[in-house]
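Enquirer: Got a structure for you, written out below as structure tokens; questions coming shortly.
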Amino acid sequence: MILNHIQENRNKGKKTFAVLIDPDKQSESSLIDLVKKLNQKPGPDLILVGGSIVLNGIDQTVALIKKNTALPVILFPGNALQFSAKADGILFLSLISGRNPDFLIGNHVLSATRIKKSGIEVIPTGYILINSGADTSVSYMSNTVPIPYQKPEIAVATAIAGELLGLKLIYLEAGSGAPRPVSDEMIQAVKKNSSVPLIVGGGIKTPKQLENVLKAGADMVVVGTAIEKDSSILTDFASIVSKS
Ligand code: 1GP
């Protein structure tokens, strides 16, 4: 079980490393090459698949990834269309920093029956979008306003609300390709005030940024763009996570 794995890692003081694959940013051959690199050790613990808008087929992408790796593949859907029963699990995201009912319950209703029937692991996740200096696809596509970068107290209150609603993970998201990751101060504040595992992603491009995010308290980190641009950083990033 994926959630158990993240929780157990956290209980042992270990961090979890996830690589995000956006199906639209890969050709079939580049995807196979990337997945082969992800299989090397040290490497990620799991693979997330999704994006704010995905035009290529999620199902084919997941099938191709599964064919080339034994790593768990988790859906990270931008909307109800992004589902594949071939995945091992799904982050069932509530966009709790936003006030758009479509991303709080609408897409969930559209996809719930199919997800339940598939039997894949469902991980209820509080998704909190932070303004990290640029407009992001997720903010535009979800029609929600992110939490201001310098307002950790709003992120904390939002994370607490998510936990009280029964969500099992909190994901602090700067947005894919963000100019900078979520601040250390905000990560520390959310970590201090929540007891579920904390995921941090968006804008992590350098070893130093990765170290800071981990040191500030992320239990799991997600890296997409930096690895898409240069997969040679993978070993470096994976060893930083495993030593943290
Ligand atoms: C985006 O948090 C993920 O949803 C990863 O972001 O592409 O900036 O690494 P990057």
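Values quoted throughout were computed directly from the atomic coordinates according to the rules given, and no laboratory measurement underlies them. Since this is a predicted model, take the numbers as computed values, not measurements. Here the Cβ positions follow ideal geometry from the backbone for every residue, glycine too, while neighbour counts run over all protein chains shown.
Enquirer: Work out the length of the dipole vector of segment 74-133 about its Cα centre, built from +1 on the beta-carbon of each Lys and Arg and -1 on the beta-carbon of each Asp and Glu, and round it to the nearest 20 debye.
Expert: Details: 5 positive and 3 negative charges, 33 e Å.
Dipole about the Cα centre, nearest 20: 160 debye.
Enquirer: Let me ask another. Using a Förster radius of 22 Å, what is the FRET efficiency between Thr235 and Lys12 based on their Cβ-Cβ separation? Nearest 0.05, please. Before the final figure, lay out the partial values.
Expert: Numbers: r = 22 Å, r/R0 = 1.02.
The computed FRET efficiency comes out at 0.50.
Enquirer: Name the residues whose placed amide hydrogens come within less than 5 Å of the amide hydrogen of Ile21, ignoring near sequence neighbours (fewer than 5 apart) on the same chain.
Expert: Under 5 Å from the amide H of Ile21: Leu48, Val49, Gly50.
Enquirer: Something else about it: Identify the chymotrypsin sites (Phe, Trp or Tyr not before Pro) of segment 70-107 meeting these criteria: DSSP loop state and at most 11 other C-beta atoms within 10 Å of the C-beta.
Expert: Working: sites: Phe83, Phe92, Phe103; in loops: Phe83.
Nothing satisfies the criteria.
Enquirer: Considering the options Ile128, Val109, Pro42, tell which one lies farthest towards the positive end of the dipole of the chain, charges being +1 on Lys and Arg and -1 on Asp and Glu at the Cβ, about the Cα centre.
Expert: The residue sitting farthest along the positive end of the dipole is Pro42.
Enquirer: How big is the dipole moment of segment 117-244 about its Cα centre under a simple scheme where the beta carbon of each Lys and Arg is +1, that of each Asp and Glu is -1, and everything else is neutral? Debye, nearest 20, please.
Expert: Details: 11 positive and 12 negative charges, 22 e Å.
That gives segment 117-244 a dipole magnitude of about 100 debye.
Enquirer: Along Cα→Cβ, 7 Å out, is where each label goes; now give me the distance between the ones at Asn4 and Leu165 in nm to one decimal.
Expert: 2.7
Enquirer: Something else: Counting helices only, and only those DSSP H runs with n ≥ 4, report the 222 nm mean residue ellipticity of the chain as the sum of -39,500 (n - 2.57) divided by its residues, in deg cm²/dmol to the nearest 500. It would help to have the intermediate numbers written out before the result.
Expert: Working: 10 runs with 97 residues, N = 244.
-11500 deg cm²/dmol, from helical runs alone.
Enquirer: Report the FRET efficiency, 1/(1 + (r/R0)^6), for Lys151 and Thr206, where r is their Cβ-Cβ distance and R0 is 30 Å, rounded to 0.05. Could you put the intermediate results ahead of the total?
Expert: Numbers: r = 25 Å, r/R0 = 0.83.
It comes out at approximately 0.75.
Enquirer: Taking the Cβ of each residue in Ile53, Ile47, Ile204 as the centre, tally the other Cβ atoms inside 10 Å and list the residues starting with the fewest. Please report the intermediate quantities before stating the final value.
Expert: On the way: Ile53 14, Ile47 24, Ile204 28.
In increasing order of surrounding Cβ atoms, one gets Ile53, Ile47, Ile204.
Enquirer: Related question: Magnitude of the Cβ-charge dipole of the chain, K/R +1 and D/E -1, about the Cα centre, nearest 20 debye? All intermediate terms of the calculation are to be shown ahead of the outcome.
Expert: On the way: 25 positive and 21 negative charges, 102 e Å.
In debye, rounded to 20, the chain gives about 500.
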